[in-house]
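Input: a single structure, listed below in structure tokens.
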Amino acid sequence: MGIRTVAAGAAVAVLLATAAAAQQYRDNMPEVLAAPPRANHAAQNNAATTSAFRSAYARRKSPRMVIFWNRQLTDSLSTSYEEWSRFTLTDGRAVDKTYYEDGSTAVAGRVVDAELRSGRTATAADGARMTGLAERADWKAAQGFNRTMLAGGARLIDRTLIMRSTALGKGVDRSDAQSVEMSALVGKADLLVEVLQTPDDGAPSGYTFRVDVKDIRSGTLLATVVTQGVPPSGGPGRWVAGPNGYQRERPLPPTVDQVGARVATEVMQALVANWG
């Protein structure tokens, strides 16, 4: 009889423990099975690209790269200037004076007690493009691009700084911006990377990017990339509750910083393919 009582008591204890555990599960919802971490395939691919670029870049003796961000190297051989003069009339109006090749001049308006001012203006374009991302977004895109290139070990050279330092040399015609720019590129950089932007309503940033990488000394085109800068998907999203039941979580659109980073990643991939 005692054995039966003990057995019955043990059974009751097991049932009570099971009930308590079940009650605890319903109240606090503890995690029964830990979900395995999701593999971030995009991050793995980026890491593989960075590693491959670093190795290929080092084999090429780490050439110095100057970035022309939304700027082109123009085909103007030297800077040309336009002479101008302006008369200021007593009533505050400005009248332009035009010079003709035969030496004659024409003034639009009657000059009375006028003040004459004259000068010259550079007419050659410096390569900067007028269309592009708004300034704040542009800074973010450039940040993502430069940070990614630097992570791959790229030696980035600043265009303005090398032009200023080149202009300090003896015998340099500082008024000829094209000549100073080319001298700076030849003397202080190895690769020219032109990153251009053109409007694209279908792109996350509103712009498509074109990147040309050129060897400055030989003029060889090493890579051309045209891209919207959309990062690859990181895999299927999580299951989340929706109005019609559970559904896949929709990925967020990339930030402009991520777009710039993706452009750089594709540039690195193109260079690795070229360099082997």
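Bear in mind these aren't lab numbers, they're just calculated from the coordinates by the rules spelled out. All values derive from a computational prediction rather than experimental measurement. Every residue, glycine among them, receives a Cβ derived from its backbone with ideal geometry; neighbour counts consider all protein chains shown.
Things worth noting here:
- Between residue 201 and residue 131, the contour length at 0.36 nm per residue exceeds the Cα-Cα span by 23.8 nm.
- Gain on full stretching of the segment that runs from residue 170 to residue 210 - 0.36 nm per residue minus C-alpha separation: 10.7 nm
- In this rough spin-label picture, where each label sits 7 Å from Cα along the Cβ direction, the residue 244-residue 61 distance is 6.2 nm.
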